[in-house]
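**Q** One structure, as structure tokens, below. Some questions next.
The values are calculated or read from the model by the stated rules, or taken from the named source; none is laboratory data. All figures in this text were calculated on a predicted structure; none of them were measured in a lab. Methodologically, a virtual Cβ is constructed for each residue, glycine included, from the backbone with ideal geometry; neighbour enumeration extends over all protein chains shown. Note: accessible area is taken over every heavy atom of the protein model, side chains too, but ligands, DNA and RNA are not part of it. Shrake-Rupley method; radii C 1.70, N 1.55, O 1.52, S 1.80 Å.
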Amino acid sequence: MAFKRNRWLISGILLIAVVALLAASLGPLLMAAFNQNSDYDKSSASTTVEPDQQAELEGRANGYALVLEREPDNQAALEGLVEARIGLGDLAAAAEPLARLAELNPQEPRYAVLLAQTKQQLNDLEGAAQVYRSVLTATPGNMEALQGLTSLLVAQERPQAAVGLLQDTLKTAEQSNKIQPGTIDVIAVKLLLGQVYAEQSRYDDAIATYDTAIQDAQALGGTPDFRPTLAKGLILRETGKEEEAKPLFETALSLAPVQFKDRIQQLINQNAPGQPTAGEEGGPTETPTGAVESPAETLPEVPAEPAPAPTPTNPE
């Protein structure tokens, strides 16, 4: 399936739903290192890492490896080794200690999600999908895993499988949230589903999905979530209905927390008629795995409390 020009929605709307969750659920040091090297190319290693920095990172990696020879399950050393290897751009070497961290922490999906992301960057799509599915088996509402697996299925030209995954998640949401409130973020899942519909030019289905998400947001009480309103506006614009989209943009801006208004306005302006879109100069681009990258400053983040993570210290 050819990726449509509205792929900017993944980097714009969908990451609004998951960026803050990723930052909260994964160790800050690991996430920072991974984000800096997510588009790493082994052929450019000598130019992406300064010689002094490379020597330091190699020394740290060797030190952590020595610690792990004595203490194979030392989690601080495992995290340090992952951070150092990602800093060096060696994602393949980072996968093994990440897998061990995931095994040691089955109750915490953060390491498994990062392992799946690493496999995805290494173009091991099947391996990444297996890890994402294992996370979703344990925690069906994990948005990082849902977004990652959805992206993989679309990249593998399996949009109906992506639709089925998200629809099944929504079918179980009511019961899951009765048992444990907040288990599945229905609005975020519908944002993902609407995007998959848009990928297939099923714009009516996308808009209908966003309409139900808007209703869900209004039913929650308080200030409604601005995301589905913004998403619907962007879809209407994509289909040439600019005049219908404008009031939705105004509503989304009025609903959004003040600290996000400027960034939302940038997203709206970025996709205005005549502005660059995906695949054009200034627009987001696709990675080899089919994921979309976009300048971080265009992505408003949902607030989230940062989760503490162990901070590895330099081994002696």
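**Q** Sorted by average packing, counted as other Cβ atoms within 10 angstrom per residue and highest first, what order do 133-141, 147-155 take? Could you put the intermediate results ahead of the total?
**A** Working: 133-141: 16.7, 147-155: 24.1.
Ranking, from highest mean packing down: 147-155, 133-141.
**Q** Under the rule a/c < 1.5 gives rounded, and otherwise a/b versus b/c splits prolate from oblate, where does the range 128-201 land using the Cα gyration tensor? Please report the intermediate quantities before stating the final value.
**A** On the way: a/c = 2.38, a/b = 1.42, b/c = 1.67.
Judged from the Cα gyration tensor, the range 128-201 comes out oblate (a/c at least 1.5, b/c at or above a/b).
**Q** Run the numbers for Q180 and E244: contour at 0.36 nm per residue of separation, minus the present Cα-Cα distance, in nm. Provide the component values of the computation, followed by the final result.
**A** Numbers: separation 64, 0.36 × 64 = 23.04 nm, distance 3.81 nm.
Answer, rounded to one decimal: 19.2 nm.
**Q** With a probe of 1.4 Å, find how much accessible area the range 130-270 has per residue, and write the answer as a whole number in Å². Don't skip to the end; give the middle numbers.
**A** Values: 6290 Å² over 141 residues.
Accessible area per residue: 45 Å².
**Q** In debye to the nearest 20, how big a dipole does the range 83-152 give about its Cα centre with +1 on each Lys and Arg Cβ and -1 on each Asp and Glu Cβ? Please report the intermediate quantities before stating the final value.
**A** On the way: 5 positive and 8 negative charges, 20 e Å.
Using Cβ point charges on Lys, Arg, Asp and Glu, the range 83-152 gives about 100 debye.
**Q** Mind giving me the FRET efficiency for R202 and D262? R0 is 30 Å, r the Cβ-Cβ distance, nearest 0.05 is fine.
**A** On the way: r = 32 Å, r/R0 = 1.07.
Working from the Cβ atoms, E equals 0.40.
**Q** Okay, moving on. Just grab the label-to-label distance for D168 and R133, each label 7 Å out from Cα along the Cβ direction, in nm (one decimal).
**A** With each label point 7 Å from Cα toward Cβ, the separation is 0.8 nm.
**Q** Here's something else I'd like to know. Can you give the extra length, in nm with one decimal, that the chain gains between T223 and R70 once fully stretched, where that is 0.36 nm per residue apart less the Cα-Cα distance? Walk me through the numbers on the way to the answer.
**A** Details: separation 153, 0.36 × 153 = 55.08 nm, distance 5.38 nm.
Working it through step by step, the gained length comes to 49.7 nm.
**Q** Of the listed pairs K119/K261; K190/K246; K190/K261, which have alpha-carbon separations greater than 29 Å here?
**A** Values: K119/K261 35 Å; K190/K246 22 Å; K190/K261 22 Å.
K119/K261, as the Cα separations exceed 29 Å there.
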